[in-house]
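S.K.: The following block contains the structure, expressed as structure tokens.
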Amino acid sequence: MRAATSTRPADAAVGAVDTHCPYCALQCGMTLSPAGRASVRIRPRDPSAGGLCQKGWTAAALLGSPARLTTPLVRDGGTLRPASWDEALGLVARRIKEITAERGPDAVAVFGGGGLTNEKAYLLGKFARVALGTSQVDYNGRFCMSSAAAAAHRAFGLDRGLPFPLADLEGADAVLLAGANPAETMPPFLSHLRRATDAGGLIVVDPRRTPTAERAALHLAPAPGTDLALALGILHAAVADGRLDHAYVADRTTGFEEAWRVAAAWWPERVERVTGVAAADQRRAAAILSEAASAYVLTARGAEQHATGVDTVGAWINLALALGLPGRPGSGWGCLTGQGNGQGGREHGQKADQLPGYRRIDDPAARAHVARVWGVEPSALPGPGRSAFELLDALGTSGGPSALLVFGSNPVVSAPHSARVADRLAALDLLVVADIVLSETARAADVVLPITQWAEEDGTLTNLEGRVLLRRRALAPPPGVRTDLEVLHDLAVRLGQPPERFPSDPETVFTELRAASEGGPADYSGVTWDRLRAGERLHWPVPRTPGHQGTPRLFLDRFAHPDGRARFAAVDHRGPAEPPDEEYPLYAITGRVLQHYQSGAQTRRVEELRTAVPEAYVEVHPDTARRAGLCDGATAAVAGRRGRVIATVRCVPSMRPDVVFLPFHFPGAQRANLVTNPALDPVSRMPEFKVCAVRLSPAGEREAQ
Ligand code: SF4
């Protein structure tokens with residue numbers, strides 16, 4: 001029943017292999033030279049583009065880690081015990097059939113990840129819709145990029161993180177980064193901003209003085225949850241100071257008058273009172289951007305992870321449109337995608353409302369096209385399901401799913417209000433987790449399936465500039481593990497699907513993905529693995545037209561709306577869903593550190609990274625710490641309405657006195673997401689990770705241990 005796998009012996013060296021990093025969306029190129037599982041040498045392929053960060057350099061450590069899972073586990077009498085693949089998959093298939101027979105197909109849910117390859121994301125979405133027949137599928141990218149995606153769709157009619165090649169940024173004289181900290185999340189990216197930095201054109205919007213803000217000519221530090229007001233203030237300053245690009249606005253956009261009607265009420269002095277950012281600095285930001293020959297506005301999670309995330313990103317896009325930046329060579333707006341395949345992962349159907357090729361699942365023509373490729377009737381495809389947090393929140397409830405399959409995600413640590421999510425997972429009749437290590441979510445599972453990791457399998461990813469990359473296998477997986485594609489194939493067959501409908505060879509899956517995406521917004525039909533092997537740099541859309549070289553720059557002639565024009569959005573400031581009050585007087589904001597990635601399931605198991613940052617901390621202004629009875633190095637309790645986080649105090653004089661910062665990579669009582677607010681953006685359904693109300697106090701004696 002199992003699909004064919006490699007016959008190469010485990011640990012076999014296959015010579016030097018050019019591939020890409022397993023972590024973030026920059027997808028830095030690296031060459032792997034394996035001399036055995038425990039000894040894989042990594043070299044950057046492009047040192048001039050910034051090389052690799054510490055995460056990339058140490059990525060091979062996990063390949064030979066003793067933490068690696070190599071046998072399936074099944075829960076027996078409350079504990080997980082080793083099992084054969086046949087027993088584990090047989091159990092999963094049997095329970096799925098029973099639960100579906102009793103409660104219908106939507107009783108089984110699927111949760112994917114933005115780190116899965118395009119092939120895995122595609123097959124996972126197909127598995128959910130065809131093999132399970134469930135609408136209940138979504139993924140953790142909903143937590144990362146969905147607000148920027150929705151804002152880009154609204155403004156331009158299409159979402160591709162950077163609608164221009166990364167290298168274009170090297171010619172920029174001015175760059176505004178709204179809620180981005182690439183000095184820690186993707187350090188090599190800074191090499192592309194060298195010119196703007198040297199020219200005094202780097203503007204950073206962040207409540208913290210991050211390592212990125214340290215490099216900026218202008219650091220704007222708004223109160224958390226007020227970024228939208230700040231964007232309105234800078235737009236107001238630009239228009240009032242005569243910087244509006246009238247010709248561009250008239251020729252290439254619609255909706256300016258409505259957007260301006262809102263922004264006209266947000267003059268910089270009023271914005272200063274709301275955000276704390278000096279009016280003069282707002283005017284200076286507008287001047288720097290409008291006077292530069294080449295300027296970009298780039299947004300990231302700091303702008304997105306709010307209950308107003310779509311409108312906040314929309315406000316930054318409004319500013320870029322007013323200055324005439326998008327769709328012009330050497331200028332633009334873009335979103336810095338976070339997860340390794342955050343871009344491709346949102347294009348190929350693991351999202352609740354979507355089919356491959358970035359098609360909408362409620363579009364009859366899209367359903368007919370994809371159903372034809374899949375060999376099923378369009379009416380057999382379910383409709384849209386719940387978004388990520390709503391899905392997790394419904395697990396084990398009377399109307400929600402009672403089984404969940406998790407691929408490439410660790411929601412016990414990474415989802416907001418994580419104690420609630422852990423409770424919901426515990427209420428399931430069946431939890432299945434496919435992972436490389438025993439993550440916090442895997443620990444709670446009924447069945448754990450050990451899978452291959454990045455250097456042990458082939459697949460494609462789409463990086464933050466919409467370029468399709470081939471990540472190549474450098475060494476054979478250890479005995480006992482399978483690829484996600486093999487797992488999906490085997491389960492689908494056990495659920496009664498014809499084997500050929502769920503191929504497990506990644507290149508075969510990609511060939512099918514090409515057909516499914518053909519004619520869609522994210523058209524991959526002209527991309528082949530042979531073209532990628534030959535080193536072609538292909539940015540989607542790449543139609544099947546012979547000789548088509550892809551689309552490095554979008555929107556040069558027209559935007560993707562039917563009239564070819566970009567849309568201003570009439571957006572207004574609303575403030576955070578949970579502002580501080582007497583009981584919880586501080587803002588808590590969350591973010592990343594240089595050494596760790598996402599929930600930390602991988603990086604916390606790499607000794608060099610764990611030693612550098614072994615545990616959670618809370619950054620706080622020294623005066624705020626003192627008022628709470630704390631000092632540097634003390635153990636604090638950061639308490640909010642949904643829980644409390646235990647972390648070591650780091651006194652940082654540059655912190656705003658009304659803000660504490662928590663990195664979110666740590667488990668147990670150190671989980672930042674114990675306090676985060678699951679208030680959702682009404683359009684993207686992205687939770688408000690970036691701001692909630694807390695109070696700070698010394699941890700109890702027990703908690704501090
Ligand atoms: S910047 Fe991102 S892709 Fe590059 S080495 Fe670091 S984690 Fe990997």
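S.K.: Students often check this: by mean Cβ neighbours within 10 Å, which of 95-104, 583-592 ranks highest, and how do the rest follow?
M.R.: Top to bottom by mean Cβ count within 10 Å: 583-592, 95-104.
S.K.: Separate question: Can you tell me what percent of all Cα-Cα pairs in the chain are more than 44 Å apart?
M.R.: Percent of Cα pairs beyond 44 Å in the chain: 18.
S.K.: Okay, moving on. Mind running the shape call on the range 365-484? Use the C-alpha gyration tensor, a ≥ b ≥ c as the square roots of the eigenvalues: rounded below 1.5 for a/c, prolate if a/b tops b/c, oblate otherwise.
M.R.: It comes out oblate by the Cα gyration axes.
S.K.: Among 540, 145, 239, which residue has its Cα furthest toward the positive end of the charge dipole of the chain, with +1 on Lys/Arg Cβ and -1 on Asp/Glu Cβ?
M.R.: 540
S.K.: With a 1.4 Å probe and all protein chains kept in place, how do 418, 39 rank by accessible area, largest first?
M.R.: Putting 418, 39 in descending order of accessible area: 39, 418.
S.K.: In debye to the nearest 20, how big a dipole does the range 6-98 give about its Cα centre with +1 on each Lys and Arg Cβ and -1 on each Asp and Glu Cβ?
M.R.: Roughly 100 debye for the range 6-98.
S.K.: Separate question: Kindly identify the range 610-669 as rounded, prolate or oblate by the Cα gyration tensor criterion: order the square roots of the eigenvalues as a ≥ b ≥ c, call it rounded if a/c is under 1.5, otherwise compare a/b with b/c, prolate if a/b is larger, else oblate.
M.R.: Judged from the Cα gyration tensor, the range 610-669 comes out oblate (a/c at least 1.5, b/c at or above a/b).
S.K.: Rank by packing, highest mean first: peptides 501-511, 623-633, with packing defined as the count of other Cβ atoms within 10 Å averaged across residues.
M.R.: So the peptides 501-511, 623-633, ranked by packing, come out 501-511, 623-633.
S.K.: Between residue 379 and residue 626, what FRET efficiency follows from the Cβ-Cβ distance if R0 is 60 Å, with the result rounded to 0.05?
M.R.: 0.35
S.K.: Using +1 at the C-beta of Lys and Arg and -1 at the C-beta of Asp and Glu, which of 481, 398, 352 has the Cα lying farthest in the positive direction of the dipole of the chain?
M.R.: The residue sitting farthest along the positive end of the dipole is 481.
S.K.: Hey, rough spin-label estimate for residue 81 and residue 511, points 7 angstrom out along Cα→Cβ, what's it come to in nanometres?
M.R.: 4.4
S.K.: If I model a spin label at residue 582 and residue 103 as a point 7 Å from the Cα along the Cα→Cβ vector, what separation in nanometres do I get?
M.R.: Between residue 582 and residue 103, the simple spin-label model gives 4.3 nm.
S.K.: Taking the Cα centre of the chain as the origin and placing charges on Cβ (Lys, Arg +1; Asp, Glu -1), which of 589, 180, 450 is farthest toward the positive end of the dipole?
M.R.: 450
S.K.: Still on this structure, please answer the following. Calculate the FRET efficiency for residue 650 and residue 533 from the Cβ-Cβ distance with a Förster distance of 45 Å, rounded to the nearest 0.05.
M.R.: In this case the efficiency is close to 0.45.
S.K.: Within straight cross-link reach of residue 97, meaning Cα distance under 13 Å, which aspartates and glutamates are found once same-chain residues fewer than 8 apart are removed?
M.R.: Straight-line reach from residue 97, under 13 Å: 106, 429.
S.K.: Give the shape of the range 282-329 as rounded, prolate or oblate, defined through the alpha-carbon gyration tensor: a ≥ b ≥ c are the square roots of its eigenvalues, a/c under 1.5 means rounded, and otherwise the shape is prolate if a/b is larger than b/c and oblate if not.
M.R.: It is prolate, given that a/c is not under 1.5 and a/b is the larger ratio.
S.K.: Can I ask one more? Please identify which residues in the range 330-348 have an amide N closer than 17 Å to a label point set 7 Å out from the Cα of residue 293, following the Cα→Cβ vector.
M.R.: Only 330-332 fall inside the zone, counting backbone N under 17 Å.
S.K.: Right, another one. All other residues with a Cβ under 14 Å from the Cβ of residue 619 taken together, and with Lys, Arg as +1 and Asp, Glu as -1, what is their net charge?
M.R.: Around residue 619, the charge tally is -1.
S.K.: What does the extension gain come out to for residue 46 and residue 368, with contour length at 0.36 nm per residue minus their alpha carbon separation?
M.R.: Taking residue 46 through residue 368 to full extension adds about 111.6 nm, to one decimal.
S.K.: For the range 147-205, with all protein chains present and a 1.4 Å probe, just round the carbon and sulfur fraction of the accessible area to a whole percent.
M.R.: It is 50 percent, rounded to a whole number.
S.K.: Run the reach check for residue 120 against lysines, Cα to Cα strictly under 20 Å, same-chain hits fewer than 8 apart removed. What comes back?
M.R.: Straight-distance partners of residue 120: 351.
S.K.: So if each residue of separation counts as 0.36 nm, and I subtract the Cα-Cα distance between residue 280 and residue 39, what length gain in nm does that give?
M.R.: Residue separation times 0.36 nm, minus the Cα-Cα distance, leaves 81.3 nm.
S.K.: If you don't mind, there's one more thing I want to ask. For residue 67 and residue 557, compute 0.36 nm times the residue count separating them, minus their Cα-Cα distance, and round to one decimal in nm.
M.R.: 171.2 nm
S.K.: Counting only heavy atoms of protein chains, what accessible area per residue, in Å², does the chain have with a probe of 1.4 Å?
M.R.: Averaged over the residues of the chain, the accessible area is 33 Å².
S.K.: Take the Cβ-Cβ distance between residue 16 and residue 607 as r, set R0 to 25 Å, and report the resulting FRET efficiency rounded to the nearest 0.05.
M.R.: 0.50
S.K.: Apply the Karplus curve 6.51 cos²θ - 1.76 cosθ + 1.60, θ = phi - 60°, to the phi angles in the range 660-668 and return the couplings in whole Hz, x for Gly and Pro.
M.R.: Each residue's phi maps through the Karplus curve to give 10, 10, 10, x, 10, 8, 10, x, x Hz.
The values are calculated or read from the model by the stated rules, or taken from the named source; none is laboratory data. The model shown is predicted, which means the values in this text are computed figures rather than measured ones. Note that we place each Cβ from the backbone using ideal geometry, even for glycine, and neighbour counts take in every protein chain shown. Note: areas computed on protein heavy atoms with side chains; ligands, DNA, RNA excluded. Shrake-Rupley method; radii C 1.70, N 1.55, O 1.52, S 1.80 Å.
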